[in-house]
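Please read the structure below before turning to the comments.
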């Protein structure tokens, strides 16, 4: 996949571990997700197959949206619930590295 930003920069998404690609989640879904993670950890199944199925259910939850940050102008591209890209332009119009961990 590639996204052409209005600043003419091309955002490529053709591999894993991309520093300008991330995922976000609403506050209400955040707690729902972690409650389900806790359940998988705290109530481990005695059978490996059941444990694997529980893990796969977590991975298939549709609570995260994908986003990409333009490394040239900082515009955010976010998948909406219909798979369309919604764009947000930062006020300072620069690459702010919003997906980098806080130190």
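In the chain, the longest principal axis of the Cα atoms and the axis of helix 48-59 are about 30 degrees apart.
Give the angle, between 0 and 90 degrees and rounded to the nearest 10, that separates the Cα long axis of helix 27-42 from the longest principal axis of the Cα atoms of the chain. Result, in degrees: 40.
Calculated on C-alpha atoms, the gyration radius of segment 24-67 divided by its Kirkwood radius gives an Rg/Rh of 1.04. Temperature 20 °C, viscosity 1.002 mPa s: under these conditions the Stokes-Einstein estimate for the chain, based on its Kirkwood radius over C-alpha pairs, is 135 µm² per second. Sequence-distant contacts, meaning Cα pairs under 8 Å at least 6 residues apart, place the relative contact order of the chain at 26 percent. Segment 17-37 and segment 87-103 have Cα centres separated by 18 Å. Going by neighbour counts of Cβ atoms within 10 Å, the residues 61, 1 line up, fewest first, as 1, 61.
A short reminder: the numbers here are calculations on the coordinates, not readings from a lab. As the structure is a prediction and not an experimental result, all values here were calculated from the model. Cβ: placed from backbone, ideal geometry, glycine included. Neighbour counts: every protein chain shown.
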